[in-house]
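Worksheet for the structure shown next.
The values are calculated or read from the model by the stated rules, or taken from the named source; none is laboratory data. These figures come from a predicted structure and were not determined experimentally. Here the Cβ positions follow ideal geometry from the backbone for every residue, glycine too, while neighbour counts run over all protein chains shown.
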Amino acid sequence: MLFDLTDLRLFIHIAELKSLTRSAERMHMSLAAASNRVKELEARFGTRLLYRENKGVQLSPAGETLLAHAQQFMQMVERLKSEMQQYNNGIKGHIRIFANTTAVTEFMPEVLGRFLGVHPQVNVALEERLNQDIVRGVQEGTADIGIAAGPVQGAGLEIIPFSTDRLVLATAQDHPLATRGQIGFAETLDYQHIGLHEGSTLQHFLARAAHEAGQRLQLRIQVRGFEAMCRMVENNVGVAILPHSSALRLSRSMKLALVELTEPWAVRERSVVVQKLDALPLYARELVDFICTMEAEHGGLRGTTGTLRA
């Protein structure tokens, strides 16, 4: 036989981590054992699969081909496992999700709370990533499901829109901008902003928007979540831009004013991103259904249409 499942899992990890050492650690095997498996694969296929460099390893063209087939093969294995679960309750499913900031902090906790309650045999790994990393993760097979906001493009992917949200400006109620009905993003850049942590998808997006406007986002402080952000806003530390769904929820317990942004990009469509929905394990397809169904139950937009209110 040319390979086994361990070979394929190892090779996928190598492609993801760009490191033979770290891949061996993840597979709980010695570096020598991992290296031997790669050499045996190369010998069996009669071609080089990896280029070993000082900073790690890179896939050869043949390695890229093997990776694509390995990812598809492992997805088929996962689907087989899920279909057989009804006969063996001891098997557990695992779903890897890359998602943007709003998904991780706002609606996915509720979705996963209900989903895992009726699927105790399934485990989920949820990671916050930038939009481009979400798409790349799904394309490369390091994520089963991606959740992104805004325009999503990716060759060979299925993109399933499920709701829309709007970015708004949050200020303290006595702030000079609090009584504005609408405001352009550029005008908010005259004020100190409260931002999310480095690596946040939203923070990365706003910094890029400011750069494209020929200005700089003046960050007074960066925090870990929307609640901390709005606490700072409430106490006039600065203004903040965040999803209206989050701002509306937090305004019920804080003294905030919400102002609509006039930029077209402020209205963002949320989408589930997968390689091929039908190829996902049954439990992963059911999670996609959960996401879409629960958002529909909340009106799809969670209060983001019509007049903004705090």
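In this structure, does GLU227 turn out to be free of Cβ contacts under 8 Å to residues at least 24 places away in the same chain, under 23 Å from PRO109 (Cα atoms) and within 21 Å of the chain's Cα centre (by Cα)? So GLU227 fits the description; yes. Each residue in segment 166-206 was checked for being assigned to a strand (DSSP E or B) and not small (Gly, Ala, Ser), and 10 of them qualify. Within segment 267-294, being surrounded by fewer than 20 Cβ atoms within 10 Å (Cβ to Cβ) and either within 18 Å of VAL152 (Cβ to Cβ) or of a type in the set (A, V, I, L, M) (or both) holds for VAL267, GLU269, LYS276, LEU277, ALA279, LEU282, CYS292, MET294.
The residues of segment 246-262 that are among the small types (Gly, Ala, Ser) and outside any loop (DSSP other than H, G, I, E, B), listed by number, are SER246, ALA247, SER251, ALA257. May I ask you to verify whether ALA155 is free of Cβ contacts under 8 Å to residues at least 24 places away in the same chain, assigned by TED's automatic domain parsing to the domain that holds LEU280, under 30 Å from LEU287 (Cβ atoms) and touching a helix residue (DSSP H, G or I) at 6+ places or on another chain (Cβ under 8 Å)? In short, yes.
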